[in-house]
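Here the structure comes first, spelled out in structure tokens, and everything after it is commentary.
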Amino acid sequence: MTLTASLSHTAAVARLGHALSDSTRAAILLALRTAPAYPSDLADELGVTRQALSNHLACLRGCGLVESVADGRRSRYELADPHLAPALDELMRVVLLVEPDCCNGDGCTC
């Protein structure tokens, strides 16, 4: 069965694409697919500053992909939808052949 893509489906896929277009945001989503985590732990695991992580989490919240859950005086983050973890697992199984010189950082023209 093939689902017909509505405008809301298209918008949701675009938000996911925006989230995955940054390697730090992609790493956050991949880390959260296995278990919720605290921002400080994610920052340490991913090797980014807590401020940078906070900015990326705000973007992911805005895209509706993660949510903050109060845990006493702290907040932990988790994926907002249970379908997202298996979808990310499937994306990790996709193999892409890319020209080696095509995308080399911020100047990517692919």
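The values are calculated or read from the model by the stated rules, or taken from the named source; none is laboratory data. What you see is a predicted model; the values in this text were computed from it and never measured. In this analysis, Cβ positions are derived from the backbone assuming ideal geometry, glycine residues included, and neighbour counts consider all displayed protein chains. Just the protein is used for accessible areas: all its heavy atoms, side chains included, with ligands, DNA and RNA removed. Shrake-Rupley method; radii C 1.70, N 1.55, O 1.52, S 1.80 Å.
Beta carbons closer than 8 Å, at least 6 apart along the sequence or on distinct chains, pair a first residue in segment 32-59 that is free of Cβ contacts under 8 Å to residues at least 40 places away in the same chain with a second that is among the polar types (S, T, N, Q) and assigned to a helix (DSSP H, G or I) for Pro39/Ser54; Leu46/Thr24; Val48/Thr24; Arg50/Ser40; Ala52/Thr24; Leu53/Thr24; His56/Thr24. Residues considered: Arg93, Arg25, Arg73, Arg61. Of these, the only one that is among the basic types (Lys, Arg) and in contact with a helix residue (DSSP H, G or I) (Cβ under 8 Å, 6 or more places away or on another chain) is Arg25. One residue stands out in segment 73-105 among those that are modelled with pLDDT under 95 and among the small types (Gly, Ala, Ser): the one that is surrounded by the most Cβ atoms within 10 Å (Cβ to Cβ), namely Ala87. With respect to Thr4, is the statement that it is open to solvent by 40 Å² or more (accessible area, probe 1.4 Å), polar (S, T, N, Q) and assigned to a helix (DSSP H, G or I) true? In short, no.
In the condition set (1) touching a residue at least 60 places away in the same chain (Cβ under 8 Å); (2) part of a loop (DSSP other than H, G, I, E, B), Met92 is compliant with all but (2).
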